[in-house]
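Q: Have a look at the structure that comes next, please.
Throughout, read-outs are computed from the coordinates displayed, never taken from laboratory work. Note that the coordinates shown come from a computational prediction; the quantities given were computed from them, not determined experimentally. Heads up, the Cβs are rebuilt from the backbone with ideal geometry, glycines too, and the neighbour counts pull from every protein chain shown.
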Amino acid sequence: MDSEVASDGAWIFNGIVADENPFAAPNDSTFQIQLKKPYTPLLSMLTMAYCSVVPKEAVIYYGKNFGTHPVGTGLFQYSNWSTGIKLNLIKNEKYWEESKTNIDAISISFIQSKQTELLEFTQKKLDLFTGLESSFKDEILTAEGKLQGKYMDDFELIKTPFLNTEYLAFNMQDQSSPVSDVNFRKAIHHCIDREAMIKYLRNGVGKPADGGFSPKGLPSFRELTTNYYDPVLAQEYLAKSTVSQNDPLILTTTSNYLDLCILVQKNCAEIGIEIKIDVVPSSLLKQQKSAGDLAFFRSSWIADYPDGENYMACFYSPNKAPNGPNYTRFDSKLFDTTYENLLSVAEPSERNQLFSTLEKELLAQQPFVLLFYDESIWIRNKKVIRLKINALNYLDLRNAVIH
């Protein structure tokens, strides 16, 4: 790796690619990667922006300014950029595959306030809007998750699956907290009314968790035959636990998710578990969960790339935060061994069996409370048609048309 030109994401190749000459370009249309050993997730990982192949000549020419003069092979190419204000792209007339779009240029505005962005969209100064916040979701969506009537003449709602699992995390290494008891953790997991959460607090956006940590849309998803929400079972688990609460269990969250946590607090109180909610800035939550300072906190995992392995990496013990995304500090020899096997197995049926073993171990140890699998929300001006959004929430304009 050349530290002078490597992206911030160069770490993803650590321990994977060969120590000497890991990358080669034998000609102008071939790129080779030499691995230390078989690594099945590699092809999925290459879809990440970190792994974009860029022309050496452009990097040499622009040097440290390449980041503000990007050169690639996309449908649109760089025109000009006013940092923090606007980025303008123009159509790449030499795009390598067939495209049916009639869009000649794209202007991307950087607006700090989502409410200001929404206002400009409804005034038709913008053609696309995404990223609903709880503070104004009722302004846009009905209780059933449809677009409010006053917007239906000019705009259309696009709701698509999103590879994002929303959950509450337990710190498995906090032996001073009630969460150290597996039956206590299971009691909380089974007392949450996820259907009510989606219906009343999310305006129908998202699917109540009914499987494992890997979300719907991936082959690694494992659907359950029974409903997680079972207050009677939750009370049975609580009775089995050795916990005797003297103080409330602190649930740490940010203001955007306060309403969800209030429902969790209410459901827990119904079976005799006292929860106190601590609302902190997102930067502090990130810092505290990485340092292991929190016993119980809201979290989520958005796929970096479309492979269930990316979700299982969140519980691999060498990935314990701050060294990786294992914020629960989960540690299981069975899980680690199975995960390591998963990295080298390519046969789909074998991978499916390994995923089943991993998800089963997670549900047995319960390092989390699964809440829901998210959906992405985009709203388009009706003059823009035939655009697509994939499960990673990436916008595909290859066939988009403005009429």
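Q: Starting from the Cα of N390, step 7 Å along the direction of its Cβ; do the same at S244; then give the gap between the two resulting points in nm.
A: 5.6 nm
Q: Continuing with this model, one more query. If the chain between K94 and K333 were fully stretched, how many nm would it gain, using 0.36 nm times the residue separation less the Cα-Cα distance?
A: On the way: separation 239, 0.36 × 239 = 86.04 nm, distance 5.18 nm.
In short, 80.9 nm is gained.
Q: How about the stretch 38-133: which trypsin sites (Lys or Arg not before Pro) there lie in a loop by DSSP and see at most 13 other Cβ atoms within 10 Å?
A: Of the trypsin sites (Lys or Arg not before Pro), the ones in loops of the stretch 38-133 whose Cβ has at most 13 other Cβ atoms within 10 Å are K94, K100, K124, K125.
Q: What is the extension gain from A18 to A196, computed as 0.36 nm multiplied by their sequence separation minus the C-alpha to C-alpha distance, in nm to one decimal?
A: Between A18 and A196, full extension yields an extra 59.0 nm.
Q: Which entries in the list K86/K150; K37/K91; K146/K360; K186/K216 go over 31 Å, if you measure between the two C-alpha atoms of each?
A: Among K86/K150; K37/K91; K146/K360; K186/K216, the Cα-Cα distance tops 31 Å for K37/K91; K146/K360.
Q: Which option, [x] 19.0; [y] 22.0; [z] 30.7, is the value of mean projected area of the Cα convex hull in nm² that was calculated from these coordinates?
A: Answer by label: [y].
Q: I would also like to ask the following. In whole Å, how far is the Cα centre of the stretch 367-401 from that of the stretch 114-178?
A: If we compute the Cα centre of each part, the gap is 11 Å.
Q: Assuming R0 = 30 Å, what is the FRET efficiency of I108 and N323, from their Cβ-Cβ distance, to the nearest 0.05?
A: 0.30
Q: Let me ask you something else. What's the extension gain from K266 to E57 if we count 0.36 nm per residue and subtract their Cα-Cα distance?
A: Length gained between K266 and E57: 69.3 nm.
Q: Could I ask something else about it? Need one number: nm distance between label points at D278 and T226, each 7 Å from Cα along Cα→Cβ, rounded to one decimal.
A: 3.4 nm
Q: So, one more: Obtain the nm distance between the two label points defined at K137 and S300 by a simple spin-label model: each point lies 7 Å from its Cα along the Cα-to-C-beta direction.
A: Placing both labels 7 Å along Cα→Cβ, they lie 0.9 nm apart.
Q: What does the net charge come to around K216 if you take all other residues with beta carbon closer than 9 Å to its beta carbon, with K and R at +1 and D and E at -1?
A: Local charge sum for K216: -1.
Q: Mind putting together the pair-distance distribution for the stretch 1-72? All Cα pairs, 5 Å bins, whole percent per bin, short to long.
A: 3, 13, 24, 27, 20, 9, 3, 0
Q: With a length cut of 15 Å (Cα positions projected on each helix's long axis) and a Kyte-Doolittle mean of at least -0.5, go through the chain and give me the DSSP H helices that pass.
A: The answer, listed by residue number, is 258-269.
Q: Sticking with this structure for a sec: Could you give the alpha-carbon Rg of the stretch 162-375 over 2.2 N^0.38 Å, rounded to two decimals?
A: 0.97
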